[in-house]
Amino acid sequence: MWAMIVKEFRQVRRDRRTLAMMIVLPVLLLVVLGYAASFDVKTITVAAAGPQAHAVAGSLRAPFDVTRTASGRGRSWAQNQLRGGTRPLVLIDGSQLFSAKAALAALAQMERRGTSQSHGVAVTPTVTVLYNPGLTTSDIMIPGLCGVVLVFVGTIITSLGVVRERQTGTLEQLAVMPLRPRDVYLGKIVPYFLVAIVDLAIVLSVGIAIFGVPFRGSPAVFGLGALLFLFVTLGIGVLISSVSQNQGQAIQLAVMTLLPQVLLSGLIFPLTSIAAGVRWIAYFLPLTYFNQISRGVMLRAEPITSLWQPFVFLALLGVIVVTGATLRFRSYLAPATREHGARKPAPAAQGA
């Protein structure tokens, strides 16, 4: 297996165009999307708590969607709080950038409307934006772009590298070597795994140093999420290569898997803003769960206990994809093995 890894590293090093694409394109995506991305939100999920919960829930209109209320105490206590000058407190999750901006705009409009209807006397809430107080676009885009980089290297570049073996005729040589399919599979993905880790480190370094993106959580939790996610994307790349006859087909299939992950995973559009008829696709995309992990760790400093759901779903996807990729790769090598065996000359008959 080590010989396979060394051989694959040498092949990647000689392919200067692919190597440049693996290093330069992720940085280009980071700069373009980090500066240019900006989108709107139509629905904002709200949970109202405290003695005024039901009143607040009844007064909120679109784009707010109140999903839960918790009163806790009675009306007399609420009246005493109002007499004492207590103002309602609104906490907004700034890591959901577009929802936060829409919430601030809607609150400002409601405040103006309430002031005009009450002739200048209205109780205005105290608004606090958490996790991303400046509502900076790069703070929520950079963690997501880390996943896009891993998808790019793990899916597109890996599929091209494996298909290259078939086009150059070296597949038969791998099939007849004393290597198990598992060794060949690992030998093919380990170099791309290491390149993806380097790309991830570059994106994080650029995001933190140039864009000032915070990293408030545990690097170990983030690294574990990236490891699981990368195994899924590498497995998808091997699956694509096993059904592609040339690099053109591999690129087409890889792009078909890349675009839905970029558009439907919550990286660009909040999941609540996606139509229900399409939203269900997001829950089968690995980038959906990595976005939750990366933003949760980098912006909200969430521990692994709070992120157990995306970790579990990502691990399940990893087991399914890697198992399927290994089995498919075994059958991918089998025809070449049988063909080589069929061409082997029969031993000469011994004389009497």
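Kindly state, to the nearest 0.05, the FRET efficiency for Trp280 paired with Ala55, given R0 = 25 Å and r defined as their beta-carbon distance.
After rounding, the FRET efficiency stands at 0.10.
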Let's test the formula: R0 of 22 Å, r as the Cβ-Cβ distance of Val319 and Arg180. What FRET efficiency results, to the nearest 0.05? 0.65
Can you compute the modelled spin-label distance between Ala209 and Gln109, with each label point 7 Å from Cα toward Cβ, in nm? 4.3
Which far-off residues, 5 or more places away or on another chain, put their amide H under 5 Å from the one on Phe64, with H placed in the peptide plane? Ile44
Applied in sequence order to the range 244-254, the curve 6.51 cos²θ - 1.76 cosθ + 1.60 (Karplus, θ = phi - 60°) yields integer Hz couplings, x standing for Gly and Pro, of 9, 8, 8, 5, x, 4, 4, 5, 4, 5, 5
What residues qualify as long-range amide H neighbours of Val127, i.e. H under 5 Å apart, gap of 5 or more or another chain, H built at 1.01 Å from N? Val90
Output wanted: per-residue J couplings in Hz (rounded whole) for the range 142-159, from phi through Karplus 6.51 cos²θ - 1.76 cosθ + 1.60, θ = phi - 60°, x for Gly and Pro. 4, x, x, 5, 4, x, 4, 4, 5, 5, 4, 5, x, 9, 5, 5, 5, 4
Estimated distance in nm for a label pair at Val312 and Leu130, the labels positioned 7 Å out from Cα along Cα-to-Cβ: 2.3
Per-residue HN-Hα couplings for the range 220-234 [Karplus 6.51, -1.76, 1.60; θ = phi - 60°; Hz; x = Gly/Pro]: 5, 5, 4, x, 5, x, 5, 5, 4, 5, 5, 4, 5, 5, 5
Amide H partners (placed H, <5 Å) of Gln96, local residues excluded: none
Which value in nm describes the separation of the simple spin-label points at Ile197 and Gln167, placed 7 Å from the Cα toward the beta carbon? 2.9
So if each residue of separation counts as 0.36 nm, and I subtract the Cα-Cα distance between Leu259 and Val243, what length gain in nm does that give? 3.8 nm
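Rule-based calculations on the coordinates, nothing more; no lab input. Every value quoted in this text rests on a predicted model; they were computed, and no experiment measured them. FYI the Cβ positions are ideal-geometry reconstructions off the backbone, even for glycines, and counts take in every protein chain you see.
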